[in-house]
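The values are calculated or read from the model by the stated rules, or taken from the named source; none is laboratory data. None of these values were measured; they are calculated from a predicted model. Here Cβ is always computed from backbone atoms with ideal geometry, including for glycine, and neighbour counts include all displayed protein chains. The area values use the complete protein model at the heavy-atom level, side chains included, leaving out ligands, DNA and RNA. Shrake-Rupley method; radii C 1.70, N 1.55, O 1.52, S 1.80 Å.
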Amino acid sequence: MKEKVLIAMSGGVDSTLTAHIMKEKGYDVIGCTIKFFDEQTEALHDGEKAAKELGIDWYYADYTDYFKEDVISYFIRTYIQGRTPNPCAHCNRHAKFNYLFREMKSKGATKIATGHYAGKVKVGEKYFFKKGQDVRKDQSYYLCLLKDHQREVIEFPLGEMEKTDVKAKAAELGLSVADKDESQDICFLKGGDYRDFLESKIDKDSIKKGWFIKDGEKFKEHEGIIYYTIGQRKGLGIGYHEPLFVKHIDAESGNIILGNKDEVTGTGVKVHDFVFPDDHDRVFRAEVKVRYRMAPVPCMVEIHPGNTATILFDRPEFAPTPGQIACVYENDLVTCGGYIESVF
């Protein structure tokens, strides 16, 4: 009897080729498109169409009510708190892979396969994710919050492939998705601006406002803290003799502290909800990414009780941001990760 695998199918080229590869490996493949929000008619249609082309079973699972609380509410709440959310990493931990895990169990499958560009290795008795071969598409950063039971069952067939090879293989197979456009990073924004989305969900009178402040001097009132993020330069509307950046957002007063580029740096971060192996050293050298689009930088990590940690950079880094994710790498393996609580 063939081993069953559940494929997370978005209807794009990555998930479609993932399903093909797992089918070629001899698995009993089931395609599943998760419905996260109401405006997903195209994704459901594309997922079903791709499954038919591959000759595999397909269905969709409606998790819209869960997703509103698990991800969208988190997204809105984090901005209201003066922080910058990371909905993709948060979703992977608290939504997407939880939903897929439930569906895997309900279908009697033993594995989940997705089109992420990341790898997976076993070290001792534990599984770890690693950087994907395609450095431009590597998505390991967004997977650092996943736990043991999730890592055990997830497979990434595209981890050792380049994006160009994926598209070429899809074209060779005659798949209609070979030239399909890339999906948006934050799916529920549907390519729109996050500020417009927040305005549609939050009462304007409840948006916290205050002053732009530099060295104790008030410059002007701003439009509301939800419109700004740490490190932001554009859109401040302030004339000054040097470029100014958002240094700190005070959600209680509504004031936004500005600084020059050198002032908007941090020597380290404190992290909460830190995910790490139980048997890991509590103080160790590693590399860390505190945002997706950066190269990992050398650091010292100290794990504290209560799933918290302190990460000290070897050199100051520009604009580490509360609410974002710190992903810890050791020899290209993702070993730890958590939410940035504060910067020092």
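Residue count for segment 284-306 under the criterion of being open to solvent by 10 Å² or more (accessible area, probe 1.4 Å), under 19 Å from residue 85 (Cβ atoms) and either outside any loop (DSSP other than H, G, I, E, B) or not charged (D, E, K, R) (or both): the result is 3. Note on segment 210-245: among residues that are farther than 16 Å from residue 78 by Cα and touching a residue at least 40 places away in the same chain (Cβ under 8 Å), the one that is most open to solvent (accessible area, probe 1.4 Å) is 211. Determine which member of the set 260, 255 is open to solvent by less than 50 Å² (accessible area, probe 1.4 Å), in contact with a Gly (Cβ under 8 Å, 6 or more places away or on another chain) and not aliphatic (A, V, I, L, M). Of 260, 255, the one residue that is open to solvent by less than 50 Å² (accessible area, probe 1.4 Å), in contact with a Gly (Cβ under 8 Å, 6 or more places away or on another chain) and not aliphatic (A, V, I, L, M) is 255. Of all residues in segment 175-202, those that are open to solvent by 60 Å² or more (accessible area, probe 1.4 Å) and at pLDDT 90 or above total 6. Looking only at residues that are charged (D, E, K, R), closer than 24 Å to residue 88 by Cβ and in contact (Cβ under 8 Å) with a residue 40 or more places away in the chain in segment 30-51, which one is surrounded by the most Cβ atoms within 10 Å (Cβ to Cβ)? This residue is 46.
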